[in-house]
Amino acid sequence: LAIVLGLTLTRYSDHLRSTVIGRCESFLKKHTDVSRVNDCERIWGAFEEAYVGKDPCEVPAEAYDPLISSVTQHVICGTMLFWSKTKALAHAFTDNRECLVTLEDTLLGFVFDELTWCSKNGSKETFTTDCPGWSECQNNPVRSFWIRASANFAATSCGNVSAMLNGSLESPFSSTSVFGSVEVKSLDPNKVDDLTILLVTKETDTTTCASSSFQSLRSALDPKIAYNCREVPYNRVENCISDPEIPCSDCL
Ligand code: DVN
């Protein structure tokens, strides 16, 4: 049984490794501008360093510092798009367009999106099942990764940045979300000129830019960064997703 179990665990580890390396290589094949400065094997090594051998509730965000340093990618100023409770829509929009870029369109976010991983105290293994859930404990490997990667994405942002929020919610801005608790606070007022909220609203939605939840956003935002909010019809975003020929400037 021990042998069978051992083999199963090894296969799980190898599976994550091949997913990560495979995604990394296909990203670099498509984005030739960053292919010479990134090394997928080195990225995997720096990734493992963060959590392997540690209790799955004792991996702080800083454990991913070496991983962050192992990746080189510069996003064009003014193209960074944050999102909160709009994951599918934001990604459907950026998938076929170059005007906006989410964290998950960058090498780091692309490679680890939707994956689960953890290890155990004193273990050399990586597991992809039975890992702590997002809120099960604070310092879990997956949550800490997204906190660290999001902080880096926001801290390296520049120019006019935007965030797609969900107008179907009464409080589109949540100060406990990654956007609210990490990204807004990591924006550098010396680099970011303004933050524009793109509030995607359906015809029957009653939430507007006047929503009181945006008061807490404004108080979390550095006063040197200008704040804008625009209500964007959901249908318009959908049309832009299905017709990539519509210029970005007519979409948002
Ligand atoms: O700007 C984006 C992007 O840069 C990203 O890395 O962070 C921002 C989005 O994070 P957010 O503001 O917390 O947005 P959401 O919509 O509240 O959460 C996005 C995802 O994070 C969820 O889909 C969860 O991922 P999962 O479990 O579906 O793979 C996860 N998440 C965040 N808070 C969670 C949570 N999962 C469970 N419980 C929570 N409290």
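Values computed for the structure shown
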{"quantity": "Residues of the stretch 152-165 satisfying the condition of being among the aliphatic types (A, V, I, L, M) and surrounded by fewer than 19 Cβ atoms within 10 Å (Cβ to Cβ)", "calculated": "ALA155"}
{"quantity": "Tally of residues being more than 17 Å from THR86 (Cβ to Cβ) and part of a strand (DSSP E or B) across the stretch 169-198", "calculated": "3"}
{"quantity": "Residue list for the stretch 119-141, restricted to those being within 14 Å of the ligand (Cβ to nearest atom) and surrounded by 20 or more Cβ atoms within 10 Å (Cβ to Cβ)", "calculated": "ASN140, PRO141"}
{"quantity": "Residue among VAL237, VAL182 that alone is more than 30 Å from CYS118 (Cβ to Cβ) and buried (at least 19 other Cβ atoms within 10 Å of the Cβ)", "calculated": "VAL237"}
{"quantity": "Residue in the stretch 202-251 that is farthest from HIS91 (Cα to Cα), counting only those that are in a helix (DSSP H, G or I) and among the basic types (Lys, Arg)", "calculated": "ARG218"}
{"quantity": "Cross-chain or 6+ apart pairs with Cβ under 6 Å, the stretch 100-111 first and farther than 13 Å from LEU81 by Cα, then of a type in the set (Val, Ile, Thr) and part of a helix (DSSP H, G or I)", "calculated": "VAL111/VAL20"}
{"quantity": "Filter result for the condition that a residue is in contact with a helix residue (DSSP H, G or I) (Cβ under 6 Å, 6 or more places away or on another chain) and over 29 Å from LYS191 (Cβ atoms), over VAL71, VAL52, VAL20", "calculated": "VAL20"}
{"quantity": "Criterion (more than 11 Å from the ligand (Cβ to nearest atom) and among the hydrophobic types (A, V, I, L, M, F, W, C)) met by exactly one of LEU67, LEU81", "calculated": "LEU67"}
{"quantity": "Out of SER212, SER242, sole residue that is more than 24 Å from SER175 (Cβ to Cβ), out of contact with any Lys or Arg (no Cβ under 7 Å at 6 or more places or on another chain) and of a type outside the set (D, E, K, R)", "calculated": "SER242"}
{"quantity": "Matching residues in the stretch 142-166 - criterion: being within 11 Å of the ligand (Cβ to nearest atom) and either more than 30 Å from ALA226 (Cβ to Cβ) or aromatic (Phe, Trp, Tyr) (or both)", "calculated": "VAL142, ARG143, PHE145, TRP146, PHE153"}
{"quantity": "Unmet requirement for ASP55, which otherwise passes all of (1) closer than 16 Å to LEU115 by Cα; (2) part of a loop (DSSP other than H, G, I, E, B)", "calculated": "(1)"}
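Read-outs throughout are calculated quantities, based only on the coordinates presented, and are distinct from any laboratory measurement. Values in this document were obtained by computation on a predicted structure and should not be read as measured data. For neighbour counting, all protein chains shown are included, and Cβ atoms are generated from backbone atoms with ideal geometry for every residue, glycine included.
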